[in-house]
Amino acid sequence: MSTLAQPRAASATDVARRFIQCLEARDLDAADALRGPGCVFEFPGPNRFASVRDQVAWSRDRYRSVQKTILRCDEASVADGTIVTMIGTLAGTWPDGTAFAGIRFIDRFHVQGGHIHSLMVWNDLALHRPD
């Protein structure tokens, strides 16, 4: 019998946080590796993406950079995995170089087997964008 502790499996919240860290660091391959088969990202409006690179390309006209301050993560078990609801604020830089901060966001991750199977994003970026 081994006395070594077994490593703890990543929780659904760990997977969601790791995904956000990879995106912020622009480690798109690592972020993409956290996606499950058929994963779709839904953003405000009619914006749906089947890849991390497509989502990042779409965001280039919206902001130069963005970072998330995560204020809270809640987990709920569902029949086919775990829902992680992440709540916080966005800070970053608009395309014209102007800084922004304190913009609300909610991300809803469906995580199963250590992978993200869907991500729904809500935020107030459009309400704060400079004209």
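The values are calculated or read from the model by the stated rules, or taken from the named source; none is laboratory data. Just so it is clear, the model here is predicted, and its values are computed rather than measured. Here Cβ is always computed from backbone atoms with ideal geometry, including for glycine, and neighbour counts include all displayed protein chains.
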Name, by its number, the condition in (1) within 22 Å of Pro130 (Cβ to Cβ); (2) of a type in the set (Val, Ile, Thr); (3) surrounded by 14 or more Cβ atoms within 10 Å (Cβ to Cβ) that does not hold for Thr69.
-> (3)
Matching residues in region 91-120 (buried (at least 17 other Cβ atoms within 10 Å of the Cβ), within 20 Å of Asp131 (Cβ to Cβ) and among the β-branched types (Val, Ile, Thr)) number 1
Tabulated pairs, region 42-59, first over 19 Å from Arg26 (Cα atoms) and modelled with pLDDT under 95, second outside any strand (DSSP E or B) and among the aliphatic types (A, V, I, L, M), C-beta under 7 angstrom, 6+ apart or interchain = Pro44/Ala126
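Tell me, which strands (runs of 3 or more DSSP E) lie completely within region 15-106 with 3 or more residues that are among the aliphatic types (A, V, I, L, M)?
Working: elements: 35-43, 47-49, 65-78, 81-93.
Hits in region 15-106: 65-78, 81-93.
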If you scan region 21-41, which residues turn out to be surrounded by fewer than 18 Cβ atoms within 10 Å (Cβ to Cβ), at pLDDT 95 or above and within 11 Å of the chain's Cα centre (by Cα)?
-> Gln21
